[in-house]
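Since the structure comes first, as structure tokens, the remarks are kept for the end.
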Amino acid sequence: SRTGSGGVVRRRRRRVLMFPLPFQGHLNPMLQLAGALHARGGLDITVFHATFNAPDPARHPPGYRFVPVGDGVPSADLVPSGVDADIPGALLRINRRLREPFRDCLRQALALPEDDGDEGGAPPACLVVDSNLRGMQLVAEELGVPTLVLRTGAAACLVAYLAFPALCDKGLLPPTSKDKSQLDIPLDGLTPLRLRDMVFSPTTTHANMTECLKCLVDATRSCSGVIFNTFRDLEDSDLQRIANGVVGVPIYPVGPLHKISPCTEDSLLAPDRACLEWLDKQEADSVLYVSFGSLARVDGKELLEIAWGLADSKMPFLWVLRHGLLVNSSSSDDDDDQDKVRRLLLPGGFEEATRGRGVVVPWVPQQEVLRHRAVGGFWTHSGWNSTLESVCEGVPMMCRPQFADQMINTRYVQEVWRVGFELDGDQLERRKIAGAVTKLLCTEEGRRMRQRARDLRDKAIECVQEEGASKSAIQLLIDRIASF
Ligand code: UDX
């Protein structure tokens, strides 16, 4: 602190450096955290980012600095695509390729003159880095910059990842036999998880998975604090487990970040807002919202089953058919003629069969959709942001996880919070889909799940109140940053 001209003791202005992982589900929480630190702590913000999936500076306060890292680094193989994409492999490549360019960028940021004006800026206090960016954390360590790590997933997921090496030592991972009963064995100390929930994706190599998780755990153990996008009342026991020495550094459960931050979304794709007007015309809790996030993909056969399952359910639905969703389709998320692409993807006869009760769009303002009174259920891939956003609006879920943390999240939704259920089975089948939609929207069981989701929503609201657990954690975090 120092004394201002009026004799008032004021805190020295500080700048927080941030480096999000360049994917929608990781950019959103990091930028929301930036919004909270800026609005509440008066901290200046610098966002380092990859040159692909770059955030849009125009959507943030003018004082933010955005610094692209790795101009000219080829990125085609850094963006996972295809049902069988090796995401850990892509994460490892991102770390390798961006590390050197980041060193130069960070050196330049540290060399900027400190002044009290808006331009020169406050001196950097620390780097907040995504937990998957161990490479960038090492660069910060080398240059003497303290780091905080943002875990964009559930606390439960970190507990599971911390147990990964022990499961390998016991010979349980990677699963060696195709015997299904082995995959279904419950994991000691990790209830309600089973061995199958720890298999990141069938196509990821065990070596990549092991290295990736080692980097992640090393990142959380070598930093000055771990920030979680979750809230105490949702994950109390897993948070306590982590706080009681599993990681060994202070933890800050500051979520749900989209409810704490003035910056709610930084969508990489343009959302269709007309769907909200359509929702206005639907009855309360009657609509199924369907979206599989920004990375998941399906093949042509699965797309057919989804389409006809929704048609056969006879319920109203709002379906996000991202253009990149279909594997091997010639369309991508960048295609301009959205109507044409949608018609190409959907089966013949589907539009007629669902006219008046089905809306299919390439991207929506998801938080507003989930908040809408007409939405009664969410068919999700169980990405952590989607799970948290659904819980925070009291919307029950049917889950079809594909990879990464999605299986773990699904287990918690079904077994711990009991606000939804897994749509299981090796194949997607239209009959099962229609049955699941009916269960979620039209049965007493679904109604009870909705009630439990609403109870959790109320707890989330309490946590983000002024004296609530998440607001207090944000304040502790701001104090910690000021202490660097
Ligand atoms: C990825 C991983 O897949 C996920 O498992 C991990 O937990 C986070 O990183 P993603 O697949 O994109 O994320 O899913 P999710 O975490 O649910 O994030 C998607 C984000 O996109 C959400 O914040 C959601 O609100 C937003 N979204 C999605 C939109 O704004 N509009 C849409 O139409 C769909």
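The values are calculated or read from the model by the stated rules, or taken from the named source; none is laboratory data. Quick caveat: nothing in here was measured; it's all calculated off a predicted structure. Here the Cβ is made from the backbone with ideal geometry for all residues, glycine too, and neighbour counts use every protein chain on show. Calculation scope for accessible area: heavy atoms of the full protein, side chains included, ligands and nucleic acids excluded. Shrake-Rupley method; radii C 1.70, N 1.55, O 1.52, S 1.80 Å.
Please compute the net charge surrounding Phe292, taking Lys and Arg as +1 and Asp and Glu as -1 over other residues with Cβ under 9 Å from its Cβ. Net charge in that neighbourhood comes out at +3. A cut-off under 14 angstrom between Cβ atoms defines the neighbours of Pro101, and their net charge, with Lys, Arg +1 and Asp, Glu -1, is +3. Each residue was assigned an accessible area with a 1.4 Å probe, and for Phe23 the value is about 10 Å². Using the average count of surrounding beta-carbon atoms within 10 Å as a protection proxy, the listed peptides 381-391, 244-254 rank, highest first, as 381-391, 244-254. At a probe radius of 1.4 angstrom, the accessible area of the range 352-467 per residue rounds to 39 square angstrom.
Could you run the Debye sum over the Cα atoms of the range 176-256, one equal point scatterer each and no solvent, and tell me log10 of I(q)/I(0) at q = 0.10, 0.11, 0.15, 0.23 Å⁻¹, two decimals? Result of the Debye calculation: -0.34, -0.41, -0.74, -1.17. Relative contact order of the chain, please, whole-number percent, based on alpha carbon pairs below 8 angstrom and at least 6 residues apart. The value is 16 percent. Taking all protein chains together and a 1.4 Å probe, the residues His60, His206 rank His206, His60 from largest to smallest accessible area.
In the complete set of protein chains, residue-level accessible area for Trp308 is approximately 50 Å², probe 1.4 angstrom. Neighbours of Leu138, meaning other residues whose beta-carbon lies under 11 angstrom from its beta-carbon, give a summed charge of 0 when Lys and Arg score +1 and Asp and Glu score -1.
For the range 203-306, the set of GluC sites (Glu not before Pro) satisfying both a DSSP loop assignment and a count of at most 14 other C-beta atoms within 10 Å is given as Glu283.
Restricting the calculation to alpha carbons of the chain gives Rg and Dmax of 22.5, 75 angstrom. May I ask for the distance between the Cα centers of the range 235-286 and the range 393-423, given as a whole number of Å? Cα centres, the range 235-286 to the range 393-423: 15 Å.
Here the extension length gained between Ala284 and Leu172 equals 35.7 nm, from 0.36 nm per residue of separation less the Cα-Cα distance.
If you plug the beta carbon distance of Lys314 and Val79 into 1/(1 + (r/R0)^6) with R0 = 41 Å, you get a FRET efficiency near 0.60.
Pull up the cross-link candidates among the lysines for Lys170, meaning alpha carbon to alpha carbon under 29 Å and not fewer than 8 places away within one chain. Leaving aside lysines fewer than 8 places away in the same chain, those within reach of Lys170 are Lys178, Lys180, Lys214.
Size check on the range 120-267: the Cα extents along the three principal axes, sorted descending, read 62, 35, 35 Å.
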